[in-house]
Amino acid sequence: MSFRLAAYAVCITDGRVLLACHSPRNREFTWTLPGGRVEHCEDPFDAVTRELTEETGCHGIVERLLGVDSRVIPAAVARAGTEHQNVGVFYSVRIVGGELRPEPDGETAESVWMPIPEVTGLRRSSLVDIGLTLARTLPPTGHVPPVEVGGSIQH
């Protein structure tokens with residue numbers, strides 16, 4: 001089993017959410033929230049703004065912790081072929097500067113401000129649905145039920 005701690009930015013303004021599109025694998029784009037792996041000895045609070053800038057070119061300020069999600073990806077569908085656990089820390093982040101651009105020498109092909117009602121039609125990571133639900137409901141526990149994967153929603 002592999003394990004990953006990651007931090008994700010939920011940036012919402014004017015009814016739109018900032019999404020990042022990973023470079024296509026198998027010719028299909030997958031949209032996700034800006035964010036990624038927390039480096040060794042790095043605080044997730046710092047990782048989320050670092051990842052946001054690296055992936056999108058935008059600079060942000062963390063406004064609040066939204067919650068934490070833990071999900072296990074079965075070996076049969078995990079990229080490495082072994083069971084994988086991802087623990088994601090979700091933050092509400094306000095954009096304060098920068099310009100959208102692809103990630104230089106990275107996995108993010110483009111970033112866009114997507115109207116929230118249009119998100120349901122995208123091929124996307126379950127992280128998008130989790131982040132939007134956390135931002136919309138602000139659960140006192142910081143936890144929402146797991147998102148069912150299938151169709152347009154990927155791990």
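The values are calculated or read from the model by the stated rules, or taken from the named source; none is laboratory data. This structure is a prediction, so every number in the text was calculated from the model and none was measured. Using ideal geometry, Cβ is built from the backbone for each residue, glycine included, and neighbour counts are taken over all protein chains shown. Please note that ligands, DNA and RNA were not included when accessible areas were found on the heavy atoms of the full protein model with its side chains. Shrake-Rupley method; radii C 1.70, N 1.55, O 1.52, S 1.80 Å.
Here are some notes:
- Amide H contacts under 5 Å for GLN154, placed H, 5+ residues apart: ARG124, SER125, SER126
- Surrounding net charge for TYR8, when Lys and Arg each add one and Asp and Glu each subtract one, Cβ distance under 10 Å: -2
- 3J(HN,Hα) along the stretch 85-96, derived from phi through the Karplus expression 6.51 cos²θ - 1.76 cosθ + 1.60 where θ = phi - 60°, amounts to 10, 10, 10, x, 9, 9, 10, 7, 10, 9, 6, 10 Hz, with x in place of Gly and Pro.
- Over the chain, DSSP H runs of length four or greater, each weighted -39,500 (n - 2.57), average out per residue to a 222 nm ellipticity of -5000 deg cm²/dmol.
- Cα-derived Rg to Rh of the chain, Kirkwood definition: 0.93
- Structure remark: mean-square fluctuation, Gaussian network model of the chain, C-alpha springs under 10 Å; the largest value among VAL128, VAL72, VAL89 belongs to VAL72.
- Here the 3J(HN,Hα) profile of the stretch 16-23, calculated from phi with Karplus coefficients 6.51, -1.76 and 1.60 at θ = phi - 60°, is 10, 10, 7, 10, 10, 9, 6, 3 Hz, Gly and Pro shown as x.
- Packing around the peptides 142-150, 80-88, 1-9, taken as the average count of other Cβ atoms within 10 Å per residue, puts them in this order, highest first: 1-9, 80-88, 142-150.
- Among 130-139, 38-47, 62-71, sorting by the average number of other beta carbon atoms lying within 10 angstrom of each residue, highest first, gives 130-139, 62-71, 38-47.
- Summed over the residues of the chain and divided among them, the accessible surface reaches 54 Å² per residue at a probe radius of 1.4 Å.
- Couplings 3J(HN,Hα) for the stretch 128-138, derived from phi with the Karplus relation 6.51 cos²θ - 1.76 cosθ + 1.60 (θ = phi - 60°), are 5, 5, 5, x, 5, 5, 4, 5, 6, 9, 6 Hz, where x marks Gly and Pro.
- Taking amide H as placed 1.01 Å from N in the peptide plane, the amide H of GLY67 sits under 5 Å from that of PHE90, each at least 5 places away or on another chain.
- Heavy-atom accessible surface of the chain: percent carbon and sulfur, 1.4 Å: 53 percent
- Loop-located trypsin sites (Lys or Arg not before Pro) in the stretch 16-63 (DSSP state other than H, G, I, E, B) with a sparse environment of at most 15 neighbouring Cβ atoms within 10 Å: ARG27.
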